[in-house]
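Working notes, structure below.
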Amino acid sequence: SYFGDKSSCIENGSALNLTSSSARGLNSTCVGKTPLSSSRSVCRSHTPLMGLSVTSSSAVSAHSVASVIVAVVEGRGLARGEVGMASIDLKNPEVILSQFADNTTYAKVITKLKILTPLEIVMSNTACDAGNTTKLFSLITEHFKNVTFTTVQRKYFNETKGLEYIEQLCASEFSTVFMEVQSKYYCLAAAAALLKYVEFIQNSVYAPKSLKVRFQGSEKTAMIDSSSAQNLELVINNRDSRNGHTLFGVLNYTKTPGGSRRLRSNILEPLVDAETINTRLDCVQELLQDEELFFGLQAVISKFLDTEQLLSVLVQIPKQDTVKAAESKITNLIYLKHTLELVEPLKAALRSCNTSLLKAYYNSLEDTRFGIILEKITTVINDDTRYTKGCLSMRTQKCYAVKPNINEFLDIARRTYTEIVDDIAGI
């Protein structure tokens with residue numbers, strides 16, 4: 001079930017003329033090309049962002065549930081080998097664009113996809129025409145047998161539309177990306193198909209100026225090909241994929257799911273930029289020397305939920321207001337209040353830091369908007385409403401989240417609820 005009404009998700013299918021398949025049923029699906037011929041499997045395969053379940057544990061499994069959707073398109077004719085990619089993580093409001101020339105083995109494409117570990121790959125329907133399947137499509141399906149493949153009509157890979165989407169959705173802080181991608185037609189085409197498709201499956205639209213859009217060149221990172229990553233057991237154990245005996249498993253003492261994701265991407269794409277590496281090492285040195293800073297920071301960070309996933313849900317506007325959508329809004333507001341209340345403790349922990357990177361983090365927390373949003377929330381939401389673990393206690397928090405005398409019908413409903421609960425307790 002998607003964010004919103006599942007039935008409308010299926011009804012809208014013909015608009016995109018989708019064909020979805022897992023790699024096993026690939027041939028028959030690609031030949032058929034009926035609009036949303038396997039709509040049930042499409043709607044089953046996603047990680048919906050309903051009512052956001054987040055944990056503050058360092059969960060090694062933080063990356064085990066795939067939530068990335070990638071669109072891939074290749075140039076035709078003389079431009080064959082020029083590949084555009086766009087990806088979005090349903091748990092993170094960030095679009096990553098990349099475009100590069102690849103050789104006939106498509107090693108770069110396969111490596112990038114292995115790093116992203118996609119839930120679903122979107123490609124043009126012309127890539128798997130009966131009897132005319134492209135080499136790129138064949139290689140991707142061979143390497144990603146358990147990933148859902150969806151083909152959409154070639155017309156949705158439209159670079160003009162892609163640039164429009166980016167101008168509309170990119171947050172002002174990241175607007176320099178326009179200059180980088182204006183002439184990169186293939187990644188813009190992939191972005192257009194990706195954002196249209198995500199809007200369709202999530203049954204919601206992203207709010208204007210709400211996404212981080214990044215063009216990812218590979219010049220500042222080392223590209224470790226997928227077979228090397230596998231042989232070195234960087235993130236997956238070769239004998240048992242559930243076993244944590246990998247480089248990632250050994251290093252992963254992160255306190256948040258976001259930290260776990262960042263560590264994983266740094267292992268698979270290590271930095272080669274000496275300046276950035278040295279800046280990070282300066283931070284490590286300060287944390288080792290200043291025990292109070294280290295433990296203070298650790299205590300605050302471990303209280304954070306999955307901030308990226310929370311932001312991703314908050315910037316999506318459901319096309320229909322359902323009871324579930326309303327309930328998830330309340331939950332997310334409580335999570336947002338919890339997160340914003342941690343800004344001051346985090347500032348306090350960073351106040352005495354000396355290194356440039358930690359100082360930059362401290363300065364970013366000085367942003368007045370944190371206080372403004374928290375103030376707006378507390379005009380409606382009770383001060384003692386808290387994020388709590390456990391389904392029942394969270395339900396009670398949601399029930400009494402809104403302050404009294406804001407809505408009389410709500411007050412009456414709550415009074416009735418309290419009386420019924422008391423009667424049950426009495427009986």
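The values are calculated or read from the model by the stated rules, or taken from the named source; none is laboratory data. Remember, it's a predicted structure, so these values are computed and weren't measured experimentally. Cβ coordinates were reconstructed from backbone atoms using ideal geometry, including for glycine residues, and neighbour counts include every protein chain displayed. The protein model used for the area step is the full one, side chains on, heavy atoms only, and it has no ligands, DNA or RNA in it. Shrake-Rupley method; radii C 1.70, N 1.55, O 1.52, S 1.80 Å.
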Fill in the blank from the handout: Within the stretch 222-264, residues among the hydroxyl-bearing types (Ser, Thr, Tyr), touching a residue at least 40 places away in the same chain (Cβ under 8 Å) and either open to solvent by less than 40 Å² (accessible area, probe 1.4 Å) or in contact with a strand residue (DSSP E or B) (Cβ under 8 Å, 6 or more places away or on another chain) (or both) come out as Ser226, Thr254, Thr256, Ser260
Problem - Selection count, the stretch 285-306, where residues are assigned to a loop (DSSP other than H, G, I, E, B) and within 30 Å of Lys209 (Cβ to Cβ) - result: 4
Practice task
Determine whether the stretch 228-237 contains at least one residue that is assigned to a loop (DSSP other than H, G, I, E, B) and in contact with a Pro (Cβ under 6 Å, 6 or more places away or on another chain).
Solution key: no
Exercise for the section: Would you point out the residue of the stretch 180-221, among those that are more than 19 Å from Leu90 (Cβ to Cβ) and small (Gly, Ala, Ser), that is least open to solvent (accessible area, probe 1.4 Å)? Expected result: Ala189
Practice task
Provide a single number: the residues in the stretch 88-105 that are under 19 Å from Leu139 (Cα atoms) and surrounded by 23 or more Cβ atoms within 10 Å (Cβ to Cβ).
Solution key: 1
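Here is a yes/no grid of residues against (1) open to solvent by 50 Å² or more (accessible area, probe 1.4 Å); (2) part of a loop (DSSP other than H, G, I, E, B); (3) within 30 Å of Gln289 (Cβ to Cβ); (4) at pLDDT 90 or above:
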site: Ala349; (1), (2), (3), (4): no, no, yes, yes
site: Asn363; (1), (2), (3), (4): yes, no, yes, yes
site: Thr378; (1), (2), (3), (4): no, no, no, yes
site: Asp384; (1), (2), (3), (4): yes, yes, no, no
site: Ala413; (1), (2), (3), (4): yes, no, no, yes
Problem - Yes/no for Gln168 being in contact with a Pro (Cβ under 8 Å, 6 or more places away or on another chain), touching a residue at least 40 places away in the same chain (Cβ under 8 Å) and either farther than 19 Å from Ala101 by Cα or of a type in the set (Phe, Trp, Tyr) (or both) - result: yes
Practice task
Answer with yes or no whether Leu374 is of a type in the set (A, V, I, L, M), without any contact (Cβ under 8 Å) to a residue 40 or more places away in the chain and either open to solvent by 50 Å² or more (accessible area, probe 1.4 Å) or more than 30 Å from Asp290 (Cβ to Cβ) (or both).
Solution key: no
Fill in the blank from the handout: Going through (1) at pLDDT below 90; (2) in a strand (DSSP E or B); (3) not acidic (Asp, Glu) one by one, Val72 fails only at (1)
Problem - Selection from the stretch 90-141 of residues that are part of a helix (DSSP H, G or I), closer than 15 Å to Ala190 by Cβ and either at pLDDT below 85 or small (Gly, Ala, Ser) (or both) - result: Ala127
Completion exercise
Of (1) open to solvent by 80 Å² or more (accessible area, probe 1.4 Å); (2) farther than 28 Å from Val73 by Cβ, Thr176 satisfies every one except (2)
Practice task
Considering (1) open to solvent by 60 Å² or more (accessible area, probe 1.4 Å); (2) under 30 Å from Gln320 (Cα atoms), say which one Thr151 fails and leave the rest.
Solution key: (1)
Practice task
Could you list all residues from the stretch 128-141 that are touching a residue at least 24 places away in the same chain (Cβ under 8 Å) and open to solvent by 10 Å² or more (accessible area, probe 1.4 Å)?
Solution key: Asp129, Ala130, Thr133, Thr134, Lys135, Leu139, Thr141
Handout entry: Looking only at the stretch 307-336, and only at residues there that are out of contact with any Pro (no Cβ under 8 Å at 6 or more places or on another chain) and outside any helix (DSSP H, G or I), the one that is most open to solvent (accessible area, probe 1.4 Å)
Key = Asp321
